[in-house]
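Nothing in this text is a laboratory measurement; each read-out follows from the coordinates by a stated rule. Predicted model, so just to flag it, every value in this text is computed and none were measured. Here the Cβ is made from the backbone with ideal geometry for all residues, glycine too, and neighbour counts use every protein chain on show.
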C-alpha cells in the first residue's frame with residue numbers, strides 16, 4: 001500500500017514481458033526461446049582475459065567515461081566499420097549496458113513537455129524512460145508484414161515540440177532492418193530542425209542476406225545530432241555482463257555524461273580492460289552475421305513442416321512466427337499456452353505496443369545451440 005499522497009510514476013507498468021515469460025518457462029521446464037540470451041559459451045579467451053585483469057589488480061573504479069584504451073578501441077572499430085571519426089576523449093562513453101545508455105540519453109536531453117517519436121512495436125524501455133522524464137511519447141506504428149516505417153506519417157507527427165526520434169535497427173522484436181532509403185527520408189524530414197536522433201544499434205553485427213547496417217554514424221549531418229547506443233553483450237554472447245557504450249558529438253556527450261555520472265558513475269573495470277584487449281583484433285567482432293544467419297536458416301528449415309507463417313528475419317537473433325492458422329487467441333494467451341502445454345517459451349509482440357494489439361505474432365530467439373533449436377522446432381511442428 002502506498003503512503004498517503006504517493007502516486008506511481010508508471011501506474012500502468014508491470015513486470016517486463018521478458019521476465020514474465022522466462023519465469024513461466026522455468027515453472028513449466030520449457031525450452032526458453034523468449035528472453036534474448038545465448039545458451040552457448042562466451043569466448044574462453046575473453047573469459048581468461050577478464051580473470052587475468054582481476055588477478056593483476058584492476059578491480060577499482062574505472063574513469064567515469066570509461067577506460068581510455070577501450071574508448072580508443074571503440075573509436076577504431078567505428079572508423080573501420082562506418083568511416084566515422086569519434087574522439088575517444090570527448091565523444092565516447094562506456095555504459096552499464098545499452099539500456100542504461102538509452103535511459104541516460106533520454107534523461108539528459110528530454111524536458112517535461114518534449115515530444116519523442118517512437119516506432120512500435122518498440123523495445124519496452126523507450127516509452128517508460130520518456131515518461132519518467134516528463135516527455136510525451138508520440139507513436140508511429142511500423143507497417144506489417146515487413147515492419148517498415150511510414151515516413152509520410154512520421155512527417156505529419158513532427159511538431160514544434162518534437163525533441164527526439166528513437167530508431168532501432170536491426171529492430172527488436174521484428175528483425176527488420178532500415179535501408180539507405182529510410183535514412184534519406186530521415187535526413188529529409190529532420191533537416192533544419194533541432195530534433196535529436198537516439199539510435200539503438202545493439203544488433204549492428206547481426207544482419208543478414210547481404211544487407212548493410214545503415215548506422216547513423218555513416219551520415220555526417222545525422223551523426224552531428226545523434227547519440228548511438230551499442231552493446232558488447234550482444235556482440236560477444238555475454239548479455240549478463242551488461243556492458244555497452246554510447247557515441248555522439250561532444251556537445252551531446254557532455255550532457256550525456258552529466259547524467260551518466262549520477263546513474264552508474266563508472267563500469268566494471270576488469271571487464272573494460274579485457275574488452276580493450278579483445279577488440280585489438282577486429283576478428284573479434286567479424287563473422288557474426290554468418291554465424292547467426294546459419295542459426296536463423298537452421299531454425300527456419302526445421303520449422304518448414306509447421307503451420308506457422310514465417311517471414312525470415314533480416315537482422316537480430318529473433319524470428320517472428322505468425323500463428324493465425326493455429327489460433328484466434330490473443331498473443332499473450334497463446335504464448336502462455338505454448339509455454340505451459342507444449343513447453344516452448346516465446347515472447348508475444350503485443351507488449352511492445354502502448355495500446356492493445358493482436359497481430360498473432362510471437363518472437364522466438366534463435367541465439368541457441370542447434371540441439372535446442374531442433375527440439376523446439378520439433379515441438380512447434382506438431383502443433
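Springs between Cα atoms under 10 Å define the GNM used for the chain, and in it the highest mean-square fluctuation of 28, 360, 12 occurs at 12. Dividing the summed -39500 (n - 2.57) terms of all DSSP H runs of n ≥ 4 by the residue count of the chain sets its mean residue ellipticity at 222 nm at -11000 deg cm²/dmol.
Listed by Cβ neighbour count within 10 Å, with the fewest neighbours leading, 130, 116, 154 appear as 154, 130, 116. Extension gain for residue 193-residue 343 works out to 49.0 nm (0.36 nm per residue, less the C-alpha to C-alpha distance).
Of 139, 20, 177, the residue with the greatest mean-square motion in the GNM of the chain, using alpha carbon springs below 10 Å, is 20. Within the chain, antiparallel bridges make up roughly 50 percent of the DSSP beta bridges whose residues both belong there. Among (i) 23; (ii) 36; (iii) 41, which one is percent of Cα pairs over 36 Å apart computed from these coordinates? Looking at percent of Cα pairs over 36 Å apart for this model, the match is (i). Highest GNM mean-square fluctuation among 282, 63, 356, for the chain modelled with Cα contacts below 10 Å: 356.
Note on residue 48 and residue 281: the extension gain reaches 82.3 nm, defined as 0.36 nm multiplied by sequence separation minus the Cα-Cα distance. This ranking places 124, 281 by how few other beta-carbon atoms lie within 10 Å of each, fewest first, which gives 281, 124. Taking the number of Cβ atoms within 10 Å of each Cβ as an exposure proxy, the fewest-first ranking of 246, 381 is 381, 246. Modelled spin-label separation between residue 369 and residue 161, with each label point placed 7 Å from Cα along the Cα-to-Cβ direction: 5.3 nm.
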